[in-house]
Structures are given as structure tokens and as C-alpha cells.
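Student: Quick one: structure below, then a few questions.
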Amino acid sequence: MINFKHPIPFVEKLAPVVQLCWEMGWNEINGGNISWRLPSEEAGDMFPIRGKAIVEKVLLPQPQPTLNGCYFLVTGSGQYFRHAIERANDVFGIVRIVDEGTSYQKIWGYENGGCPTSEFATHLTGHAIRKRVSKDREKIILHCHPPEFIILSFLMPLDSAELSLALWRTMPECIVFFPDGIRVVLPLLPGTTKIADASVIGLEKSRIISWSHHGIFASESNPDTVFALVETIEKASSMQRKILSAGGAKQSISLELLRELVDATGHIRVCEPFFLTEAEAKEKISGVVRS
Ligand code: 13P
Ligand code: ZN
């Protein structure tokens, strides 16, 4: 990865990953956005609240009381991932959530007068839910437009169980890395509270959302792990898309083998694979009916 230096260590760590997302072909033009909940103490020390200095407050469309006082490093609306290294101070900004989670203040960045991504409200909703569900493990949300993953929303039913199982059955790593599966949200206008509301139900159960015909929204612990998660999903999607384009699979990883994988990897999985139990029950019933 690119050796990039920046006075803010969080920007130094995130910018090369953002640049790599563009190189992967996931973030054309201003497509996609990323937000990282920074360690409050470190960020607070770095950007102390200056006495009586008045910093403009911007009202949030949806209050997030559990995020009050949190600092976020977040890409600006309309900014290109391609410029992450070259124009880091324009592409990124740091904001602090204030007033019981009803507003934010710009602390640093957006040098050309920008503001956080148009999806910021959805990111904050995602952070609030995933912070609670993951017991504070997850801290970063990446939204991007990985092509193979998006193509599946044109080729497959818009169904969470079907998509999750198809990817699990394509590559053994999948059920280990994302046993929580992928929750499918039907096509909705980006940047609206509607898409945030529709994502809420899925985010309670999974850290990965498919915004049909649009992209992925994924939550993880740090820049490296969120990149690795999307990379794994995009690779499995590419394989699945090629399989479908070749007329469909003649065979795939069996439910029995998936169960063996699950049993052997309890110590590294984030949760139990919900859709697997359902699929096993269905297979059992259809087996009984057939015999
Ligand atoms: P922003 O430029 O506002 O981040 O929007 C990009 C995007 O991908 C919307 O879904
Ligand atoms: Zn998008």
C-alpha cells in the first residue's frame, strides 16, 4: 500500500485504504463514502474544545443520542476516493456529535468548504446500531459500489437468505467471515431517511447491507478489516456472477460442509449463521417429502 504521511494519524491510516478502494473499481467519481468513529479520548486530546470559541452546529435529520460526544473522520459529499492521497484535506473532515446527538460540529478538514457525505445520517444510524450490537467492536462503515456485488441484485431474487447462502456456498471463507450474512434492502433513493429506516432492521442482525442496484454498506472494526470484508464479498460475488452467466452451478459447497466449517471456526466467527439453520431445515423437509 502507498506510503502516505499526514499530521493526523487517523487520516494517515485511512487515506491509503480509501485510495485502494478506488483502485479496486469500487468508487467511481464521487461514489461511496466512509466514516470512522475515532477513539474519543485521543481525538479529544488532538482537537480540544476551545473555551468560548463558537463552532457552527449543523442539525442532524435523525438524532443519535448514543453517539453524543463521538468524533467521526468522514469523507465529504461529492469528494472522489481517487483524490484521497492527493487532496486529503479536501476529501476528509472530522466532526464531533454534540447537543445530545442532535447536531454535529466540523472540527477539521473539508478545506474547500465541503461537508460530510450526503449519506451521513445513514452512517450515523448504522454506527449507533452496530456500536450497540457489536458491543463497541465495530467503528467504521464503508459504503461503496463494487460492481460484481451490484450485478447480483439484477440477476438474483432480492432476498437476504438466498444471497447469503449463494455466497457462502461459493467460497469457504464466506461463512467464516460473514456468518451474519447480507441483508437486502429494496431499491431506494440514496441519501434519504427512507434508506436509513429500511437499513435499520437489517443492521440489527448483520453488519452488511445490500442497497439493491446501488452498492454495499458494511461495518467493521478498522480500515483494514472493513476493506477485507468488502474484498471477500466482492470476490465471492464475482464467482457467483460468473457461475450464473455460465448457466448455473452443477454443484456447490454442501450445507453439510458449511456446518462443518461453522463448527470448526466458532472461536473466530462474529456470530452463529442464522440462515444456515433455516436452509438445513428446508433441505430436511424437502428430503423427507422426496423419499
Ligand atoms: P456522497 O458524495 O454524498 O458521499 O454520495 C456518494 C454516494 O455514493 C451516494 O450513495
Ligand atoms: Zn452510493
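Student: Just one of Gly69, Gly78 is open to solvent by 20 Å² or more (accessible area, probe 1.4 Å) and within 16 Å of ligand 2 (Cβ to nearest atom); which is it?
Tutor: From the options Gly69, Gly78, the qualifying one is Gly78.
Student: Here are some residues: Leu158, Leu203. Which one is modelled with pLDDT of 95 or more and assigned to a helix (DSSP H, G or I)?
Tutor: Result of the check over Leu158, Leu203: Leu203.
Student: For segment 176-190, how many residues are open to solvent by less than 10 Å² (accessible area, probe 1.4 Å) and more than 17 Å from the chain's Cα centre (by Cα)?
Tutor: 0
Student: Any idea which residue in segment 209-243 is farthest from Leu158 (Cα to Cα), counting only those that are more than 16 Å from ligand 1 (Cβ to nearest atom) and β-branched (Val, Ile, Thr)?
Tutor: Here the residue is Thr225.
Student: Restricting attention to segment 119-146, and to residues there that are within 16 Å of ligand 2 (Cβ to nearest atom) and in a loop (DSSP other than H, G, I, E, B), which single residue is most open to solvent (accessible area, probe 1.4 Å)?
Tutor: His145
Student: Given the criteria among the aliphatic types (A, V, I, L, M), assigned to a loop (DSSP other than H, G, I, E, B), within 16 Å of ligand 1 (Cβ to nearest atom) and open to solvent by 50 Å² or more (accessible area, probe 1.4 Å), does Ile2 qualify?
Tutor: Numbers: among the aliphatic types (A, V, I, L, M): yes; assigned to a loop (DSSP other than H, G, I, E, B): yes; within 16 Å of ligand 1 (Cβ to nearest atom): no; open to solvent by 50 Å² or more (accessible area, probe 1.4 Å): yes.
No: the conditions fail for Ile2.
Student: I would also like to ask the following. Residues being in contact with a Phe, Trp or Tyr (Cβ under 7 Å, 6 or more places away or on another chain) and either at pLDDT below 95 or closer than 17 Å to Glu220 by Cα (or both): count how many of those fall in segment 21-42.
Tutor: 7
Student: Also, quick follow-up: Answer yes or no: is there a residue in segment 32-55 that is touching a helix residue (DSSP H, G or I) at 6+ places or on another chain (Cβ under 9 Å), surrounded by 18 or more Cβ atoms within 10 Å (Cβ to Cβ), touching a residue at least 12 places away in the same chain (Cβ under 8 Å) and part of a loop (DSSP other than H, G, I, E, B).
Tutor: There is at least one residue in segment 32-55 that is touching a helix residue (DSSP H, G or I) at 6+ places or on another chain (Cβ under 9 Å), surrounded by 18 or more Cβ atoms within 10 Å (Cβ to Cβ), touching a residue at least 12 places away in the same chain (Cβ under 8 Å) and part of a loop (DSSP other than H, G, I, E, B).
Student: Considering every residue within segment 161-171, establish whether at least one is away from ligand 2 (no atom under 16 Å from the Cβ), in a strand (DSSP E or B) and either of a type outside the set (Ser, Thr, Tyr) or closer than 11 Å to Ile233 by Cβ (or both).
Tutor: Here is the first cut: in segment 161-171, the ones away from ligand 2 (no atom under 16 Å from the Cβ) are 161-171.
Subset that is in a strand (DSSP E or B): none.
No, segment 161-171 contains no residue that is away from ligand 2 (no atom under 16 Å from the Cβ), in a strand (DSSP E or B) and either of a type outside the set (Ser, Thr, Tyr) or closer than 11 Å to Ile233 by Cβ (or both).
Student: Oh, and also: Which one of the conditions (1) farther than 17 Å from Gly31 by Cα; (2) without any contact (Cβ under 8 Å) to a residue 60 or more places away in the chain does Pro187 fail to meet, given that it meets all the rest?
Tutor: Condition not satisfied by Pro187: (1).
Student: Here's something else I'd like to know. Taking into account only those residues within segment 258-268 that are open to solvent by 40 Å² or more (accessible area, probe 1.4 Å) and touching a residue at least 12 places away in the same chain (Cβ under 8 Å), which is nearest to Met171 (Cα to Cα)?
Tutor: If we filter segment 258-268 for residues that are open to solvent by 40 Å² or more (accessible area, probe 1.4 Å), which is where we start, we get 259-261, 263-264, 266-268.
Add one more test, that the residue is touching a residue at least 12 places away in the same chain (Cβ under 8 Å), and what stays is 259, 261, 268.
Values: Arg259: 14, Leu261: 11, Ile268: 17 Å.
If we take residues in segment 258-268 being open to solvent by 40 Å² or more (accessible area, probe 1.4 Å) and touching a residue at least 12 places away in the same chain (Cβ under 8 Å), then Leu261 is nearest to Met171 (Cα to Cα).
Student: For the structure I just gave you, tell me whether Ile209 is under 16 Å from the mean Cα position of the chain (by Cα) and either within 16 Å of ligand 2 (Cβ to nearest atom) or assigned to a strand (DSSP E or B) (or both).
Tutor: Against the criterion (under 16 Å from the mean Cα position of the chain (by Cα) and either within 16 Å of ligand 2 (Cβ to nearest atom) or assigned to a strand (DSSP E or B) (or both)), Ile209 qualifies.
Student: May I ask you to list the residues in segment 102-118 that are in contact with a Lys or Arg (Cβ under 7 Å, 6 or more places away or on another chain) and either outside any strand (DSSP E or B) or polar (S, T, N, Q) (or both)?
Tutor: Ser103, Gln105
Student: For Ala88, which of the numbered conditions (1) open to solvent by 10 Å² or more (accessible area, probe 1.4 Å); (2) small (Gly, Ala, Ser); (3) out of contact with any Phe, Trp or Tyr (no Cβ under 6 Å at 6 or more places or on another chain) fails to hold?
Tutor: It fails just one condition, (1).
The values are calculated or read from the model by the stated rules, or taken from the named source; none is laboratory data. None of the values given here were measured: they were computed from a predicted structure. Here Cβ is always computed from backbone atoms with ideal geometry, including for glycine, and neighbour counts include all displayed protein chains. Each accessible area value is taken on the protein alone, full model and side chains, heavy atoms only, with ligands, DNA and RNA left out. Shrake-Rupley method; radii C 1.70, N 1.55, O 1.52, S 1.80 Å.
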